[in-house]
Amino acid sequence: MNLKEKIFNWKQTRIEHRVTAFPTYSKIESVVLLYESEWQERNPTIRALVRRLQEDDKHVVTWGYCAKHDVLSPNLPDSRIFGLKDFNIFGAPKQSVIDDLQRRQFDVLIDLSTQHILALRYLALYTSAAFKIGSRAEDNLYDMLLEVPQGSTEEYSFGQIMHYLKLIQSAD
């Protein structure tokens, strides 16, 4: 384990434990999608997934990460793409980024990343969401974990997540 991973693990233990709420899909109002942005930052797959959620009357915010210094403004409303300049030399987000992440409360966070990307792990860690879904068990960040085959696309992961999310019937 390298120094950046050790720092992440230490910060993860310092975060307050949150109260989780298993949502019934019809009662979900706000969703934040985390994803690895493509280099040109066009992200047509993410756009399509946002439209699918919006068709179900969900307010969707997207937070992407692209491993380059200067990122462009995303073409989606309520969207942001983070780049290298948003993180310090240890891989942790700058305080202004943390403040942005914690400014709003979401019903559900869906991490669509298929790679082990430290920046996206930090985004998931600091996002205020009542229910977090992902596919990487090593962080203990998520309330629901899905095992997706190696090399799966974001669209495939999203389809699996939506299938199981719609099966949850909470007694709230």
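The values are calculated or read from the model by the stated rules, or taken from the named source; none is laboratory data. Since the model is a prediction, treat every value here as computed from it, not as a measurement. Counting neighbours? That spans all protein chains shown, and the Cβs are built from the backbone with ideal geometry, glycine included. SASA here: full protein model, heavy atoms, side chains in, ligands and nucleic acids out. Shrake-Rupley method; radii C 1.70, N 1.55, O 1.52, S 1.80 Å.
Things worth noting here:
- Exposed loop positions in the chain were taken to be GluC sites (Glu not before Pro) whose DSSP state is not H, G, I, E or B and which have at most 12 other beta-carbon atoms within 10 angstrom. Between these positions, the longest stretch is 30-146.
- Applying a DSSP loop filter and a limit of 11 other Cβ atoms within 10 Å to the trypsin sites (Lys or Arg not before Pro) in the stretch 96-172 leaves R103.
- The local environment of V60, defined by Cβ-Cβ distances under 13 Å, has a net charge of 0 under the rule Lys, Arg +1 and Asp, Glu -1.
- Options T24, W63, P149, ranked by Cα towards positive dipole end of the chain, top entry (Cβ charges): W63
- Based on protein heavy atoms only, the chain ends up with 55 Å² per residue of surface accessible to a 1.4 Å probe.
- Added length on full extension, which subtracts the Cα-Cα distance from 0.36 nm per residue, E29 to R51: 6.5 nm
- Candidate values [x] 16.1, 54; [y] 15.7, 48; [z] 15.3, 46, label of the one derived for Rg and Dmax of the Cα atoms in Å: [z]
- Sorted largest first, the principal axis extents computed over the alpha-carbon atoms of the stretch 1-73 equal 43, 37, 18 Å.
- The stretch 66-118: chymotrypsin sites (Phe, Trp or Tyr not before Pro) in DSSP loop, at most 12 other beta carbons within 10 Å: F90
- Taking the 1.4 Å solvent-accessible surface of the stretch 83-172 as the whole, the part contributed by carbon and sulfur is 48%.
- Take every pair of alpha-carbon atoms less than 8 Å apart whose residues are at least six positions apart; their mean separation over the length of the stretch 97-155 yields a relative contact order of 34 percent.
- Normalised contact order of the chain, rounded percent, pairs of Cα under 8 Å and 6 or more residues apart: 25
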